[in-house]
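Novice: Take this structure first; my questions come after.
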Amino acid sequence: MSSLAVGIDMVEIDRVRRVLERFPQRFLERVYTPVEVAVCRGRVHELAARFAAKEAAMKALGTGARGLAWREIEVLPNRRGKPLLYLYGRARERAEEIGLHSLDVSLTHTRRHALAIVIGVQEAGIDEPGVARGRLLRWLRERGRL
């Protein structure tokens, strides 16, 4: 039995612009692969959309930014411009661990915001809703919160 794994994220383009102006080389090297930097050619709206896509992918993977590097997730266009998502290292391992495959990404932006959504097929497993709820309840009880 399979289900969908979904992640969505929105970022303010001006926020990305400010970080890029303040720490240009460090920001690009920490967040983007060399190929992404070459493709985007400094266009802030494209960098912001890819930043949102990386966040959305981390949400679909169920990790948030914990334990993954930004550059382990890459967003590149196919020959027609459709964005494609590539996973490397721990991001790829996490996808395999939870049976996540057939990932797709969509990007959009306005003058102020960039938005991305990532959807993939996940085979039933460790993130099954009933299992996740049980794990949360145990954690809350262990800490005296329930």
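The values are calculated or read from the model by the stated rules, or taken from the named source; none is laboratory data. Note that this is a predicted model, so its numbers are computed, not measured. Cβ placement follows ideal geometry from the backbone for every residue including glycine, while neighbour counts extend to all protein chains displayed.
Novice: In this structure, does residue 59 turn out to be within 11 Å of the chain's Cα centre (by Cα) and within 16 Å of residue 105 (Cβ to Cβ)?
Specialist: Considered against the rule, which asks whether it is within 11 Å of the chain's Cα centre (by Cα) and within 16 Å of residue 105 (Cβ to Cβ), residue 59 comes out as yes.
Novice: Separate question: Give 85, 68 a once-over and let me know the one that is buried (at least 16 other Cβ atoms within 10 Å of the Cβ) and in a loop (DSSP other than H, G, I, E, B).
Specialist: Only one candidate passes the filter, namely 68.
Novice: Within the group 80, 43, 66, which residue is on the phi < 0 side of the Ramachandran plot, modelled with pLDDT under 95 and charged (D, E, K, R)?
Specialist: Going through 80, 43, 66 in turn, just one is on the phi < 0 side of the Ramachandran plot, modelled with pLDDT under 95 and charged (D, E, K, R): 66.
Novice: I'd like to verify a number: residues in the stretch 1-37 that are touching a Leu at 6+ places or on another chain (Cβ under 7 Å) and among the small types (Gly, Ala, Ser), how many?
Specialist: 1
Novice: I'm checking my understanding of the structure. Among residues of the stretch 1-45 that are in contact with a strand residue (DSSP E or B) (Cβ under 8 Å, 6 or more places away or on another chain) and assigned to a helix (DSSP H, G or I), which one is nearest to residue 104 (Cα to Cα)?
Specialist: Result: 36.
Novice: Filter the stretch 89-112 down to the residues that are surrounded by fewer than 15 Cβ atoms within 10 Å (Cβ to Cβ), over 16 Å from residue 66 (Cα atoms) and more than 16 Å from the chain's Cα centre (by Cα) and list them by number.
Specialist: Scanning the stretch 89-112 gives 110, 111, 112.
Novice: Name the residues in the stretch 52-65 that are assigned to a helix (DSSP H, G or I) and either surrounded by fewer than 21 Cβ atoms within 10 Å (Cβ to Cβ) or out of contact with any Phe, Trp or Tyr (no Cβ under 8 Å at 6 or more places or on another chain) (or both), would you?
Specialist: 52, 53, 55, 56, 57, 58, 59, 60 - these are the residues of the stretch 52-65 that are assigned to a helix (DSSP H, G or I) and either surrounded by fewer than 21 Cβ atoms within 10 Å (Cβ to Cβ) or out of contact with any Phe, Trp or Tyr (no Cβ under 8 Å at 6 or more places or on another chain) (or both).
Novice: Run down 138, 145, 90 and say which single residue is assigned to a helix (DSSP H, G or I), among the charged types (D, E, K, R) and modelled with pLDDT under 95.
Specialist: The conditions single out 138.
Novice: Follow-up. Restricting the search to the stretch 23-34, which residues are more than 18 Å from the chain's Cα centre (by Cα) and either under 15 Å from residue 48 (Cβ atoms) or of a type in the set (Phe, Trp, Tyr) (or both)?
Specialist: Within the stretch 23-34, 23, 24 meet the criteria.
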